[in-house]
Amino acid sequence: MKYDELIAQVRQTATTFETNEQAESATRTVLTELGKRLGNNEASDLAAQLPPELKDILTDNSDNSGTVDDLDDFLRRVAEHKKAGTTPEEALDHAAAVFSTWAQFVSAGELDDLKSQLPASFSQLLRAD
């Protein structure tokens, strides 16, 4: 999958993006926060299946401890990272667009590994539209 294709798909999937730049910003934010949630090995495994432009964003923010949070905390961090005024509902839309887009392109095994490291509440982000 090419970077521009992924960003265009994220834009089409979300309900709130007017530009590719907004989709790109959301993608980078979601991957930054996801990286904090994953251990080094899982972040590297997932990054290996993403376009080169996104690999470092995911792995540079990972550590072996991983941030432990639920979906609400994750979405709050995404909203805070995005900008003042981003609601948790908008953060959910952004995160779901990013997750569901790359979930279509990574291997089933990688998705299973990712799901095993996330709370069950994250499953709504991994829907395939």
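The values are calculated or read from the model by the stated rules, or taken from the named source; none is laboratory data. A quick note: this is a predicted structure, and the numbers were derived from the prediction, not measured. Please note: Cβ atoms are built from the backbone with ideal geometry, for glycine as well, and neighbour counts cover all protein chains shown. Surface areas here come from the heavy atoms of the whole protein model, side chains and all, with no ligands, DNA or RNA. Shrake-Rupley method; radii C 1.70, N 1.55, O 1.52, S 1.80 Å.
All conditions in (1) in contact (Cβ under 8 Å) with a residue 24 or more places away in the chain; (2) in a helix (DSSP H, G or I); (3) hydrophobic (A, V, I, L, M, F, W, C) hold for Ala43, with the sole exception of (1).
Condition check: outside any helix (DSSP H, G or I), at pLDDT 90 or above and closer than 22 Å to Asp112 by Cβ. Does Leu6 satisfy that?
Numbers: outside any helix (DSSP H, G or I): no; at pLDDT 90 or above: yes; closer than 22 Å to Asp112 by Cβ: yes.
Against the criterion (outside any helix (DSSP H, G or I), at pLDDT 90 or above and closer than 22 Å to Asp112 by Cβ), Leu6 does not qualify.
What's the total number of residues in segment 46-66 that are open to solvent by less than 20 Å² (accessible area, probe 1.4 Å), free of Cβ contacts under 8 Å to residues at least 60 places away in the same chain, outside any loop (DSSP other than H, G, I, E, B) and within 21 Å of Ala91 (Cβ to Cβ)? Going through segment 46-66 one residue at a time, the tally reaches 2. In segment 12-32, how many residues are buried (at least 18 other Cβ atoms within 10 Å of the Cβ) and either among the hydrophobic types (A, V, I, L, M, F, W, C) or in contact (Cβ under 8 Å) with a residue 60 or more places away in the chain (or both)? Adding up the residues that qualify gives 9.
Report, by residue number, each residue of segment 71-85 that is modelled with pLDDT of 75 or more, open to solvent by 70 Å² or more (accessible area, probe 1.4 Å) and charged (D, E, K, R).
From segment 71-85, those modelled with pLDDT of 75 or more are 71-81; that's our starting set.
This time we only want the ones that are open to solvent by 70 Å² or more (accessible area, probe 1.4 Å), so: 72, 76, 80-81.
Those that are modelled with pLDDT of 75 or more, open to solvent by 70 Å² or more (accessible area, probe 1.4 Å) and charged (D, E, K, R): Asp72, Arg76, Glu80.
Screening Gln117 against (1) closer than 23 Å to Tyr3 by Cβ; (2) surrounded by 13 or more Cβ atoms within 10 Å (Cβ to Cβ); (3) polar (S, T, N, Q) leaves a single unmet condition, (1). Of the listed requirements (1) part of a loop (DSSP other than H, G, I, E, B); (2) free of Cβ contacts under 8 Å to residues at least 40 places away in the same chain; (3) under 13 Å from the mean Cα position of the chain (by Cα), Gly35 misses just one: (1).
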